[in-house]
Amino acid sequence: METVGFIGLGNMGGPVAGHIQRAGYPLIVYDIRESTTVPFRERGASVAGSAAELAACSDVVITALPMPEDVERVACGADGIIDGIRQRSVYIDISTNPPALIRQLEPIFRAKGAFVMDAPVASGQPGAARGIHEVMVGGEREIFERVKPILAAFGDQVLYAGPLGSGSICKLVHQMIGSAVSQAIAEGLSLGVKAGVDAETVWECVRRGMVGRMHVLHYQVPLNVFRGDFETATFPLKLLRKDVALATNLGRELNVPLPVVNIVEQNLIEGVNRGWGDQAAYTVTFQLQEEAAKVAIRATGVDPDKAVKYISTHPGKP
C-alpha cells in the first residue's frame, strides 16, 4: 500500500486526509499550523517538519491549499515538495487553481522523474459525510488508474477529465455554473415571495423541476436561507470569489463571453467587501438579493435534515 503525504489540513484538507487515514493508507502530514496535525499523529500518522521532508517519505503527495500562490510556494519554494520528491512518486493538487499553474509545475517535477496530476474537489452527494467529494482529475490515464483507489477514499465520484489541467478546467466550470444558478434562484424566490406566494411553496415548485436536479442549493435553501442563517461557512465566500475570478479570467484568455458570470462575480466581490468573506459562499447571493428586493425569503416548519436525507437517498431526483 502506497504511503500518502498530505499537506494542508484546513476545513477541506483535514476531513479529506481523515478519510485517507481511515482507509488504511500509511499517512504523513504537514501543515504550518502544528495544532492541526495533532489528531492525525494521535491516530498513528507521522508528522513531517517540511514539505520537502514529507515528499521524501511519500509515494503520493497531496496538497489542499487556499490560493494558487500557496500551491506554487509549497510545490517549488524553499524546502518545498520538489526538493524531496522521489522518482515515480505522484504529486496531486486537489485545490482549485487555473489550469496553467499545474501545467507549469509538470515539467519541473518530470525532471525529477515524478508525475503531476490536478484533482480539484467539489461537494459530494447531499448528505455525504464531511470531506466526501466529487473529484475531477487531469493527467496521464495510467497514473490516474494508479492513484484512483486513494482518491476513492474521499471521493464518492472520481471522474477522469482528460489531460493535465482538465480537472482544473472542469472545477472552474462547476463553480461558475453553481454561482450563476444561485443568483437565478435568489432572484426567482425573491420575486415569488414579494408577489405574495409562500417561500416554501415557490421553492417546492422550482425544485421539483429542472433546478431541483442540478444543485447543492437543493438543501442550502431550506438549511440556510429559509432560516436566515448565513453564517455557516462550510465553503466560505472568499474562496468562491477566487474560483469564479479564475473562471472569468480563463474566459478572457480564451475570448469566451461570460456575461452572466461576470455580473455574478461583481456580487461576490461586494459580499467580500462587506466583510462576509467567511460566510457560506452560495447564500451570500441571497442576502444581497433580499436587500435589493426589500423582501425576506423565510419559511417556518421546514425540516432541512429531511430535505438532505431525501436527496441523499434519491440522487438526481427532486
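Of the candidates Ile102, Ile297, Ile263, which one comes out as most mobile in a Gaussian network treatment of the chain with C-alpha springs shorter than 10 Å? Largest GNM mean-square fluctuation: Ile263. Mind checking the angle between helix 284-293 and the chain's longest principal axis? C-alpha axes, 0 to 90 degrees, to the nearest 10. Helix 284-293 sits roughly 20 degrees off the main axis of the chain.
For Cα extents along the principal axes in Å, the value calculated from this model appears in (1) 65, 45, 35; (2) 66, 46, 43; (3) 55, 48, 42 under label (1).
Lys-Lys pairs in the chain that are eight or more residues apart or on separate chains and whose Cα atoms lie under 27 Å of each other come to 11. If R0 is 22 Å, the Cβ-Cβ spacing of Thr300 and Glu204 corresponds to a FRET efficiency of close to 0.90.
Take the Cβ atoms of Lys194 and Ala100, set R0 to 30 Å, and the FRET efficiency comes out at 0.10.
Output the 0 to 90 degree angle, nearest 10, between the alpha-carbon long axis of helix 166-194 and the longest principal axis computed from the alpha carbons of the chain. Tilt relative to the chain: about 20 degrees.
Mean residue ellipticity at 222 nm, helices only, the chain: -14500 deg cm²/dmol; runs of at least 4 DSSP H residues each add -39,500 (n - 2.57), and the sum is divided by the number of residues. For the chain, relative contact order (Cα pairs under 8 Å, six or more residues apart, normalised by length) works out to 14 percent.
To the nearest ten degrees, helix 141-152 and the longest principal axis of the Cα atoms of the chain are 60 degrees apart. What the Cβ-Cβ distance of Cys76 and Glu231 gives, at R0 = 30 Å and to the nearest 0.05, is a FRET efficiency of 0.25. In this simple spin-label model, placing a label point 7 Å from the Cα along the Cα-to-Cβ direction at both Leu254 and Ile177 gives a separation of 1.3 nm.
Read-outs throughout are calculated quantities, based only on the coordinates presented, and are distinct from any laboratory measurement. Everything numeric here is computed off the predicted structure, so don't read it as measured data. Here Cβ is always computed from backbone atoms with ideal geometry, including for glycine, and neighbour counts include all displayed protein chains.
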